[in-house]
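Below is one structure, written out as structure tokens; the observations come after it.
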Amino acid sequence: MTPHIEGLLSTGEVIVPPAGVASWFPIADQDAFVAGALRDPIAFWRDHARNIVWETEPQTVFTGTIDDQHWFPDGQLNATVSCLDRHAAHHPDAVAYRYVCENGDDRTFTYAQLLARVNQLANALRFDGVAVGDRVIIYMPLTIEGIVAMLACARIGAIHSVVYAGLGATSLRDRIVDAGATVVIVGDVTYRRGKAVALKPIVDDAVRGVELVRRIIVHRREASAEPADPREVNFEAYCDQQGTACEPEIVNSEHPLFILYTSGTTGKPKGVVMTHGGYMVGASSMLALTTGITPDDVYWCTSDIGWIVGHSIMVYGALANRYHCVLREGSADYPGPDVVYAELARLKVTQFYTAPTLARMLLRLGPELAATHDLSSLKAMFCAGEPLNPEAWRFLYEIVGGGKVAVCNQWWQTELAAPCLGFFPTSPIHPDRSGKSLGPIAYSIRDGSGAPVPSNAGGLLVVETPLPYMFATVWNDPERHAQYFKWGTYVAGDVATIDEEGYITVRGRADDVLNVAAHRIATADVESALVSHPSVGEAGVCGVPDEIKGEAIVAYVVLRAGHTQSDELARSLIDHVRKELGPIATPSAIRFTAKLPKTRSGKIMRRLLKAQETGQDLGDVTTLEE
């Protein structure tokens, strides 16, 4: 039996919703809404399935078990009809995307324009022999053309797999081979901190000797070298001569829509598979229900198409709901540290969806920058990706939002492709909690043998109810899919606690739990305690072998602007954690650093901190950001 994980961080704060939120967010009581949904989850999902377009409406909502789920199995559809055709028919001039780039590019695409371009690429792919079920790798930065590529594949029933642009050649090749992809669509460059960063050479290395790939479609934005491979064609030339009408390929609800490989911070990356039917119902409905975004909002999601947030919150979920979505390509601190605030003000963004990493970056840069911009258009901010530290939440609420903007934490995963846990904008916020269920989703906390643990005792977070947006399988590896299911539940791989009021706190990955003198402590608690110190912007902690304690805690700290490292400050930080969490969680050492090692999706790679401390091999670092 696995010992319980101790939840040490508890501030006790409760913040009432800002005045005026009830005027735009339609659900007044999260507990009542969830209780109603859980009384009949099948009826809930049947109702929400009516919000997407079916060629053949399903008569059956669900069959199977949580580890073998079949959603709307007799339904037929194509995901792009819900995303494009119905909007282009009734709202052709509605804005789908406002694309901006750090280099000054600024373009707007309406739903009619987006459908036309998607159809051109879909026709080109179909003419080129891409058939239903074929796999296409998309290695493109955050551009309209990257989204067009995703939708064009879906349009003809091909299965796309977006690989984050910048991942190394070996990792890209591994994904091409695992997916069995015959086509690769690539951008020649992306733009980052004032430079054009070459992507094409990475692809050249990745496809060398991979005979299965027969076509490489290159979207060129810079004057670049002649084609390096006879398989290459130019994106524009490939599309431009095609017609702007393309009949969608109607597929079964369970036909794969995409494969998305997880970032692979440890072990072999897994190809998570989502379907046209269940995923579309889940992603579109949960995005709308949990945020209250409408087509009248200006909505900015800071993710990339290479991550699940990009797929669900920026592409399929957003388009199905006819949202006006902002895309920004480039660094969040270029051309100036205030660029996020500047774009929020310039574009009059009303709803902002971002990651705790960006929230902590803004916190680290200080409160003065926000005050120089008019952020009055904002109504709500949402965060997902890692636990949101209470101090980072407070910064978004008090400094960025001025106490007038709802700031809502959300928890979900690549395998659970839409919001699952968090706070509604109308809910009282507990900054030191992750929230409650956001829909017909039941949770419990289990120990290593599957037994439920008491309130406030930590253990493994499990989902007890099947969900249409839960991954259908792992591509080419059903055994790996099966490993995520135990005790008749989905085991999320995170450690969490649940209090007497039903609030869940996700405290980090199970792999990151610290074992100190027989106490099991979550990294998120120690990191949040450090970030609550006025000098600390970000923190990452790891456990290192200790003869007496078993493990000692070493903390890596990034200071806020205006603070300087010193031995005195290190002692102050150690004392601060002791005061906040107690002696057992006190770091043995503080290491000041300019930045933390993170994946390109913003997750701290704590195993690299540990490897650095212990002199171990760093292992696979292909997902490490620049």
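Where a number appears in this text, it was derived from the coordinates with a stated rule and is not lab data. Just so you know, these numbers come straight off a predicted model, no measurement behind them. For neighbour counting, all protein chains shown are included, and Cβ atoms are generated from backbone atoms with ideal geometry for every residue, glycine included.
What the table below lists for this structure:
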{"read-out": "Amide H contacts under 5 Å for E329, placed H, 5+ residues apart", "value": "V100, C101, E102"}
{"read-out": "Furthest towards positive pole of dipole, F25, Y443, G271, structure part the chain, Cβ charges", "value": "F25"}
{"read-out": "Positive minus negative residues near P248 (Lys, Arg vs Asp, Glu; Cβ under 13 Å)", "value": "-1"}
{"read-out": "Region 513-614, dipole about Cα centre (Lys/Arg Cβ +1, Asp/Glu Cβ -1), debye to the nearest 20", "value": "460"}
{"read-out": "Peptide ranges 308-321, 529-542 listed from the most packed, as the mean C-beta count within 10 angstrom indicates", "value": "308-321, 529-542"}
{"read-out": "On Cα atoms only, tilt of 30-39 relative to the major axis of the chain in degrees", "value": "60"}
{"read-out": "Taking the chain and dividing mean pair separation by its residue count, relative contact order in percent (alpha carbons under 8 Å, at least six apart)", "value": "16"}
{"read-out": "The chain: angle of helix 111-127 to the longest principal axis, Cα-based, in degrees nearest 10", "value": "70"}
{"read-out": "Shape of region 1-121, Cα gyration tensor, a/c cut at 1.5", "value": "oblate"}
{"read-out": "Distance between region 536-595 and region 164-178 - C-alpha centres, whole angstrom", "value": "36"}
{"read-out": "Charge tally in the Cβ shell below 9 Å around H219, where Lys, Arg are +1 and Asp, Glu are -1, H219 excluded", "value": "-1"}
{"read-out": "Long-range amide H partners of G508 with built H, under 5 Å", "value": "V495"}
{"read-out": "Anisotropy class of region 513-614 from Cα gyration tensor, a/c 1.5 cut", "value": "oblate"}
{"read-out": "Hits among lysines - C-alpha to C-alpha of K610 under 30 Å, sequence gap 8 or more where chains match", "value": "K268, K270, K486, K549, K579, K595, K598"}
{"read-out": "Relative contact order (%) - criterion: Cα under 8 Å, at least six apart; region: region 513-614", "value": "27"}
{"read-out": "Fraction of beta bridges assigned by DSSP in the chain that are antiparallel (%, nearest 5)", "value": "60"}
{"read-out": "Entry for log10 I(q)/I(0) by the Debye sum over Cα atoms at q = 0.08, 0.11, 0.12 Å⁻¹ (calculated from the structure that is shown) out of (1) -0.76, -1.16, -1.24; (2) -0.64, -1.07, -1.21; (3) -0.55, -1.09, -1.33", "value": "(3)"}
{"read-out": "Local electrostatic count, A181, Cβ distance below 13 Å [Lys/Arg +1, Asp/Glu -1]", "value": "+2"}
